[in-house]
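Colleague: Got a structure for you, questions after.
What follows draws every value from the coordinates through simple rules; no lab data is involved. All values reported here derive from a predicted model rather than from experimental measurement. For neighbour counting, all protein chains shown are included, and Cβ atoms are generated from backbone atoms with ideal geometry for every residue, glycine included.
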Amino acid sequence: MRSHSRRSVDSWGKGAGMSLVVEVVRSGFVESTHLARVLTLDAAGTPVDVHGAVHVPASPRSSMKPLQALGMLRQGLRLEGELLALACASHAGEPYHVDGVRKILAGAGLDESALRCPEDYPEDRTVGEKSRVTMNCSGKHAAMLATCVLNDWPLDTYLEPVHPLQRAIRATVEELTGERVAASGVDGCGAPLFFVSMLGVTKAFRALPLAAPGSHERHIFDAMRAHPEWTSGTDRPEARLMRALPGLMLKSGAEAFDAFVFEDGRAGTVKIEDGSARARTPVTVAALRNLGLTSPDLEPLAKGVLSGGGRPVGEIRLR
C-alpha cells in the first residue's frame, strides 16, 4: 500500500485516495477482484494510509463490540479477564465459550433462557447443537443482561433502541468516535447497530490503549489482547493475528470489517466493499505491515490460499 504524507486525518476529505484492489488469482489467472477501504493512523494519530471513502458512514457490525462492552462497564458491569473478552467476542461456540457465557449469566442470577439473540450452531457443529448460547454474539448478550440486572432495568426489552442500556451504549459510541451516529439499524444478533465512519471507529479504538491504567477503556484493551481465543476462536484469523503481535487488539465484524489498535496507539480499519471475508485478512496484514507491525507468524495470513484438487493453486493478493 502507498503511504500518504503526514497531516491531520480530518483534512483528507471524503473519499481521499482510491480504494485498494484485491485480486483473486487461480492458476495464474485473475478470476475475481475486490475493492477495499483502508484507514491507518500512526502512534501520533496522523494518517499513514487512506484508501477509499473512510469519512462516510460505514457498517462496522461486530467490530463495535468493544465499544458496546465499554458502555456496559460504565453502567456498572463487573467482568474481568477472559469473561470480559468474551463480552467483546464473536465467538466460535467452542465449549469454553459456552461455559463462559453461562458463567456470566449465572453471575447475574440468570440462565440462557434470558438471552434474546437468535439460535445458531457453533462454528464446529460436532461440538454442539443449535441454541442461543452457541450463537456467536451470546457473550455480548449475556453481558447486556448482567448490566440490566445490576441497574434494575427490564430484561425482556434489553435490545430495544430506547432501552436505558442501548441509550448508554449509543452515548459511549458517540463519545469515543467523536461523531453523531449517522443511522441505526438491527445487527444480525438483534442488537442495535450504529453506523459511523471508519475514521470514527479508528479514533475510538485508539482511545482504548491510550487511556489511563485502571480505566474501563484499558480493561477492555488488556482483556482482549490477553485472551485472543476468547474474542473469536482458537484458530480464527483474529486470534492468530493477536498472537503474532502480542500488543495488538483486533475485532472483526460481519461483511468484512476489521478494526485494530496496537498498544502505542497505531490503529486502523479495513472494509472490503462487497463484504467478502476472504479478502479481509490479507488487507489487514498489509495495513499492519505498513504501520511497521510485522512478525514471521503473519506470513501464513498475508495471502489467502486457493485450493484446487486438494492442493494450493492460487492466492488472494493486493494489486
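Colleague: Select from Gly128, Ala226, Leu110 the residue farthest towards the positive end of the dipole of the chain; place +1 on Cβ of Lys and Arg, -1 on Cβ of Asp and Glu, and compute about the Cα centre.
Modeller: Value computed over the given set: Ala226.
Colleague: At what distance in nm do the modelled label points of Tyr121 and Val162 sit from each other, each positioned 7 Å from its Cα along Cα→Cβ?
Modeller: 3.9
Colleague: Positive end of the dipole of region 238-319, charges at C-beta (+1 Lys, Arg; -1 Asp, Glu), about the Cα centre: which of Gly314, Gly304, Ala279 has its Cα farthest in that direction?
Modeller: It is Gly314.
Colleague: Among Ser131, Ser232, Ser197, whose mean-square fluctuation peaks in a Gaussian network model of the chain (Cα, cutoff 10 Å)?
Modeller: Comparing Ser131, Ser232, Ser197 in the GNM, the peak value goes to Ser131.
Colleague: Using only DSSP helix segments of four residues or longer, with each worth -39500 (n - 2.57), what per-residue ellipticity at 222 nm results for the chain after dividing by its residue count and rounding to 500? Please report the intermediate quantities before stating the final value.
Modeller: Working: 11 runs with 106 residues, N = 319.
Helices in the chain give a 222 nm mean residue ellipticity of -9500 deg cm²/dmol.
Colleague: Same structure, new question: What number of lysine-lysine pairs in the chain show an alpha-carbon separation below 25 angstrom, given a sequence spacing of 8 or more or placement on distinct chains?
Modeller: 22
Colleague: With labels modelled as points extended 7 Å from the Cα through the Cβ direction, what inter-label distance (nm, one decimal) is found for Lys130 paired with Ala211?
Modeller: 3.8
Colleague: Another one. Where is the GNM fluctuation largest for the chain (alpha-carbon springs, 10 angstrom cutoff): Ser90, Ser113, Ser62?
Modeller: Its mean-square fluctuation being the largest, the pick is Ser113.
Colleague: Once phi is turned into θ = phi - 60°, what whole-Hz ³J(HN,Hα) does the Karplus curve with 6.51, -1.76 and 1.60 give for every residue of region 116-130, x standing for Gly and Pro?
Modeller: My calculation for region 116-130 gives 10, 6, x, 5, 7, 7, x, 4, 9, 5, 7, 9, x, 8, 5 Hz in order.
Colleague: How big is the dipole moment of the chain about its Cα centre under a simple scheme where the beta carbon of each Lys and Arg is +1, that of each Asp and Glu is -1, and everything else is neutral? Debye, nearest 20, please. Please list the in-between numbers first.
Modeller: Working: 37 positive and 37 negative charges, 174 e Å.
The calculation lands at about 840 debye.
Colleague: Among Arg125, Arg280, Arg170, which one shows the biggest mean-square fluctuation in a GNM of the chain, springs joining Cα atoms closer than 10 Å?
Modeller: Arg125
Colleague: Any idea how far the Cα center of region 281-316 sits from the one of region 66-114, in Å?
Modeller: Between the Cα centres of region 281-316 and region 66-114 lies a distance of 31 Å.
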